[in-house]
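**Student:** One structure, as structure tokens, below. Some questions next.
Bear in mind that the values in this text are calculations on the coordinates, not laboratory data. The structure presented is a predicted model; accordingly, all values stated were derived computationally and were not measured. Glycine gets a Cβ as well: all are built from the backbone with ideal geometry, and neighbour counts include every protein chain shown.
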Amino acid sequence: MALTSAFTSINLPVKTVEQSKAFFTGLGFQLNPQFPNNENSVAFVIGDNLQVMLISHAVFNTLTEKESVDTSKYAQMTIALAFESREKVDEIVKTAISLGGKLHAEPEDHGLVYHWGFVDLDGHLWAINYMSTDATQD
């Protein structure tokens, strides 16, 4: 299967697009100007050719015949992102908490891998990671 240069999208239902937009803008994510930015949806670039579309529940429910998950009770997935340093991981998680998010877990330091996570305003789980490229690190 050949992939295109277009963005691959993770679509997440949100209660209030504007509040979620403020949250992710506060985390430093960049809006994708190629996609809608209105009261029903907003797109953020979160990696090379990867974006997250935050879509109002009303619109999201038109995209599927299945009921969306109650994130206060169930986890549907974890979105895992890698960053360039442990400090950046800490910065993102601490900023998420200051913007109204919740801790997903305590930080885990496995030497070559450092992991911490948060839950966004709508209950989606985000794993923020750093992986050292230094194979000699203890």
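**Student:** How far is helix 86-98 tilted, in degrees, relative to the longest principal axis of the Cα atoms in the chain, given as a value from 0 to 90 rounded to the nearest 10?
**Tutor:** Tilt of helix 86-98: around 40 degrees.
**Student:** Mind pulling the angle between the C-alpha long axis of helix 17-26 and the longest principal axis of the chain? Nearest 10 degrees, somewhere in 0 to 90.
**Tutor:** 20
**Student:** So what is the relative contact order for the chain, in percent, with contacts set as C-alpha pairs under 8 Å and at least six apart?
**Tutor:** So the answer I get is 21 percent.
**Student:** Quick check on packing: order 99-112, 35-48, 8-21 by the mean number of other C-beta atoms within 10 Å, highest mean leading.
**Tutor:** Going by the mean number of other Cβ atoms within 10 Å, highest first, we get 8-21, 35-48, 99-112.
**Student:** I would also like to ask the following. Sorted by packing (mean other beta-carbon atoms within 10 Å per residue), highest first, where do 62-70, 49-57 land?
**Tutor:** The most tightly packed comes first, giving 49-57, 62-70.
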